[in-house]
Amino acid sequence: MSMPVRTLIIGLAGMMSWPAGAQPLGPSWETNIVLTRQDLDVMQTTLDQQVHGKAVGTVASWRNPTSGHSGSFRLRREFTRAGQRCEQILYTIEVENREVGPEHYLFNVCLQSDGTWKFA
């Protein structure tokens, strides 16, 4: 099953999938990129293992050989907001279909008391 990128961002924030008709809270935008659940899992693993908590400037790439989708994350800066440790991350997403160019997104995420990262 594929899901649009707007669901991807919510999925990355809470690793949740939204049923049809649900109104997720968080960022949304128009996009032509569609990602699979496996893409989301690869992306989340890359973020958790290679980006969060690393030095500013860290770049990590991901690729799902099954779908052919790939991308990267760049840790742009660290900061504190309302007492929480936060990071600004540049997301780049590319799809197998090269007619759809790479898309770039810049998001702030903050570490929660339960150890998860949520969009700020």
Discussion item. Suppose we filter segment 86-107 for residues that are more than 15 Å from D48 (Cα to Cα) and either touching a Gly at 6+ places or on another chain (Cβ under 9 Å) or surrounded by 13 or more Cβ atoms within 10 Å (Cβ to Cβ) (or both); how many remain?
Written reply: 11
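Can A120 be described as loosely packed, with under 12 Cβ neighbours inside 10 Å, at pLDDT below 95 and more than 20 Å from L35 (Cβ to Cβ)? Full working, then the answer.
Details: loosely packed, with under 12 Cβ neighbours inside 10 Å: no; at pLDDT below 95: yes; more than 20 Å from L35 (Cβ to Cβ): yes.
No; evaluated as a whole, the condition is false for this residue.
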Item to complete: Being crowded, with 17+ Cβ neighbours inside 10 Å, at pLDDT below 90 and not β-branched (V, I, T) narrows it down to one of L75, L12, so name that one.
Response: L12
Discussion item. I'm checking my understanding of the structure. Among residues of segment 45-55 that are assigned to a loop (DSSP other than H, G, I, E, B) and touching a residue at least 12 places away in the same chain (Cβ under 8 Å), which one is nearest to N108 (Cα to Cα)?
Written reply: H52
Worksheet, complete the sentence: Okay, strands (runs of 3 or more DSSP E) sitting entirely in segment 56-120 with 3 or more residues that are among the charged types (D, E, K, R) and either within 21 Å of D41 (Cα to Cα) or within 17 Å of the chain's Cα centre (by Cα) (or both), I get 70-81
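The values are calculated or read from the model by the stated rules, or taken from the named source; none is laboratory data. Model, not experiment: these values are computed from the prediction. Cβ: placed from backbone, ideal geometry, glycine included. Neighbour counts: every protein chain shown.
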